[in-house]
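Accompanying notes for the structure given below.
The values are calculated or read from the model by the stated rules, or taken from the named source; none is laboratory data. Given the structure is predicted, the values throughout are model-derived calculations rather than measurements. Every residue, glycine as well, gets a Cβ built from its backbone with ideal geometry; the counts of neighbours run over all protein chains shown.
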Amino acid sequence: MGKIYYYIKKDPNNFEGKDKISFVIYNYLKKYYNIEIIKILDKHNFSYKNADIIHINSSGILEAIRCYSIKGLKIYSLYSNLKANPIYLIKDFIDFFKIKHENLNVPIIYLLKRLLFPILLSIIPWFVIKKILERENTVVVLPNNYLYKKLKLKNAKIVPIGVDIKKFYKKETIKDYRKTTIAYVGHPAVDKGIIEVAKIFSKLDNKKFKKVMFLTNLNINIDYLKSIDPNIEIFGPQEDIVKVYNTIDILILPYRHEISSIAIPLVLIEAMACEVPIITSDLPHLREIGKDSLIYVKPFDIDGFVKEINNLANNPEKRLEIGKKARNIIEKHYNEKIMLEEYKKLYDYLLKRCKNE
């Protein structure tokens, strides 16, 4: 059996987003293949010469540049839509300091690097990115048709991210029926719309709505968010996220731009699997996922979100309807089982190709 190197740079105990998905794929494939995790890409590493496949998981093209000269078959799993409006990126950078925790010591040089690379990527023409990714010995795995059409790669394959539909499903949960629970779930990041969430909440009737944030960490300026709306309830990481989804009447995800989430936001498809009614930003890749099971509002449109929240709150039948539609979409297109089977087919094909060469 061939040797496979699997590049994933995060600690397995601290996976979130794309890294969480990458590790799910790894755990499935290691049952069938001789796979070794690597955390550093080094083109001078002699051991790569003995590998049949190098599988690289990435949210951008930096890893593709690093491993450009590495010989042998490569699988490049790309989880990001790559580009955003540079003006939005600058706004993200400025707004970061509004929610930055006073004890969070982040060097300004590091922050500038984090800003400059996405801006540089946003102004690089698509044909240059295509040149970097379109290698003869590489298969690029893309998460959606949106990015597939943008790149037009000859060596691309679409494998959507999936969730475990046996784990994520609608459960009977005790709710506070005196109020409609409106919530945000995810990272406390400006690009994901955390400030917009607080502004939206501030315009909702406190007697009618229970307003909650479930955040992956609390290393932010909570006082700033509370200054926008003192009635927000803010919680940190939750042990039972499925239970959390099932306590929510309406979930809002006001992403600012295309790269403010992985190309298929994990929170989005998890909540859809649990039949949670969702209002999110009107972005093409999100419409591709949710179709008519989501409510869409333009990014930054606070009043638009408020209007749709009130409409859904007053229409429980519609909430049930779109929740069921969302679950059906996940079962058919974003099922973890389908994702894993597609990766196994790809591995089998490439290993067979190695033997024939």
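Being in a loop (DSSP other than H, G, I, E, B) and within 28 Å of residue 82 (Cα to Cα) is the filter here; which residues of the stretch 185-220 pass it? Give the derivation first.
At the first step, the residues of the stretch 185-220 found to be in a loop (DSSP other than H, G, I, E, B) are 187-189, 193, 203-208, 216-219.
187, 188, 189, 193, 216, 217, 218, 219, listed by residue number.
Consider the stretch 62-87. How many of its residues are surrounded by fewer than 20 Cβ atoms within 10 Å (Cβ to Cβ) and either polar (S, T, N, Q) or modelled with pLDDT of 90 or more (or both)?
Total meeting the criteria: 5.
Would you be able to say whether some residue in the stretch 248-271 is out of contact with any helix residue (DSSP H, G or I) (no Cβ under 6 Å at 6 or more places or on another chain), assigned to a loop (DSSP other than H, G, I, E, B), surrounded by fewer than 20 Cβ atoms within 10 Å (Cβ to Cβ) and modelled with pLDDT of 95 or more?
So far as the stretch 248-271 goes, no, none of its residues is out of contact with any helix residue (DSSP H, G or I) (no Cβ under 6 Å at 6 or more places or on another chain), assigned to a loop (DSSP other than H, G, I, E, B), surrounded by fewer than 20 Cβ atoms within 10 Å (Cβ to Cβ) and modelled with pLDDT of 95 or more.
Looking at (1) surrounded by 14 or more Cβ atoms within 10 Å (Cβ to Cβ); (2) modelled with pLDDT of 95 or more; (3) in a loop (DSSP other than H, G, I, E, B), find the lone condition where residue 135 falls short.
Going through the list (1) surrounded by 14 or more Cβ atoms within 10 Å (Cβ to Cβ); (2) modelled with pLDDT of 95 or more; (3) in a loop (DSSP other than H, G, I, E, B), residue 135 breaks only (2).
Can you tell me which of 150, 166, 171, 157 is part of a helix (DSSP H, G or I) and either within 30 Å of residue 349 (Cα to Cα) or not β-branched (Val, Ile, Thr) (or both)?
On the way: 166 fails: part of a helix (DSSP H, G or I); 171 fails: part of a helix (DSSP H, G or I); 157 fails: part of a helix (DSSP H, G or I).
Result: 150 is the single residue among 150, 166, 171, 157 that is part of a helix (DSSP H, G or I) and either within 30 Å of residue 349 (Cα to Cα) or not β-branched (Val, Ile, Thr) (or both).
For residue 283, indicate whether it is free of Cβ contacts under 8 Å to residues at least 40 places away in the same chain and in contact with a Lys or Arg (Cβ under 9 Å, 6 or more places away or on another chain). Break it down stepwise before answering.
Working: free of Cβ contacts under 8 Å to residues at least 40 places away in the same chain: yes; in contact with a Lys or Arg (Cβ under 9 Å, 6 or more places away or on another chain): no.
No: the conditions fail for residue 283.
Residue by residue through the stretch 136-157, note down the ones that are out of contact with any strand residue (DSSP E or B) (no Cβ under 7 Å at 6 or more places or on another chain) and basic (Lys, Arg).
149, 150, 152, 154
Do we have residue 297 as over 17 Å from the mean Cα position of the chain (by Cα), more than 16 Å from residue 246 (Cα to Cα) and surrounded by 20 or more Cβ atoms within 10 Å (Cβ to Cβ) here? Walk me through how you get there before you give the answer.
On the way: over 17 Å from the mean Cα position of the chain (by Cα): yes; more than 16 Å from residue 246 (Cα to Cα): yes; surrounded by 20 or more Cβ atoms within 10 Å (Cβ to Cβ): yes.
Yes, satisfied.
Out of everything in the stretch 178-221 that is of a type in the set (A, V, I, L, M) and modelled with pLDDT under 95, what residue ends up being surrounded by the fewest Cβ atoms within 10 Å (Cβ to Cβ)?
First, the residues of the stretch 178-221 that are of a type in the set (A, V, I, L, M): 182-183, 185, 189-190, 194-195, 197-198, 200, 204, 212-213, 215, 218, 220.
When the remaining residues are screened for being modelled with pLDDT under 95, the result is 189, 218, 220.
On the way: 189: 20, 218: 13, 220: 21.
The residue in question is 218.
With buried (at least 20 other Cβ atoms within 10 Å of the Cβ) and modelled with pLDDT of 95 or more as the only criterion, which of 242, 276 stands out?
On the way: 242 fails: buried (at least 20 other Cβ atoms within 10 Å of the Cβ).
None of the other options fit; the residue is 276.
Can you spot a residue in the stretch 221-239 that is touching a residue at least 12 places away in the same chain (Cβ under 8 Å), of a type outside the set (Asp, Glu) and under 29 Å from residue 150 (Cα atoms)?
No, the stretch 221-239 has no match at all.
Output the qualifying pairs, or none if there are none: Cβ atoms under 6 angstrom, residues six or more apart or on different chains, first residue in the stretch 91-120 and not assigned by TED's automatic domain parsing to the domain that holds residue 196, second residue of a type in the set (Asp, Glu).
92/191
Restricting attention to the stretch 175-184, does a residue exist that is without any contact (Cβ under 8 Å) to a residue 12 or more places away in the chain and either part of a loop (DSSP other than H, G, I, E, B) or in contact with an Asp or Glu (Cβ under 9 Å, 6 or more places away or on another chain) (or both)? Walk me through how you get there before you give the answer.
Looking only at the stretch 175-184, we keep the residues that are without any contact (Cβ under 8 Å) to a residue 12 or more places away in the chain, and these are 177-178.
From what's left, either part of a loop (DSSP other than H, G, I, E, B) or in contact with an Asp or Glu (Cβ under 9 Å, 6 or more places away or on another chain) (or both): 177-178.
Within the stretch 175-184 (the criterion being without any contact (Cβ under 8 Å) to a residue 12 or more places away in the chain and either part of a loop (DSSP other than H, G, I, E, B) or in contact with an Asp or Glu (Cβ under 9 Å, 6 or more places away or on another chain) (or both)), the answer is yes, since at least one residue qualifies.
In the stretch 335-348, is there at least one residue being assigned to a loop (DSSP other than H, G, I, E, B), surrounded by 19 or more Cβ atoms within 10 Å (Cβ to Cβ) and not basic (Lys, Arg)? I'd like the intermediate steps shown before the answer.
We begin by selecting, within the stretch 335-348, every residue assigned to a loop (DSSP other than H, G, I, E, B); these are none.
Scanning the stretch 335-348, I find no residue that is assigned to a loop (DSSP other than H, G, I, E, B), surrounded by 19 or more Cβ atoms within 10 Å (Cβ to Cβ) and not basic (Lys, Arg), so the answer is no.
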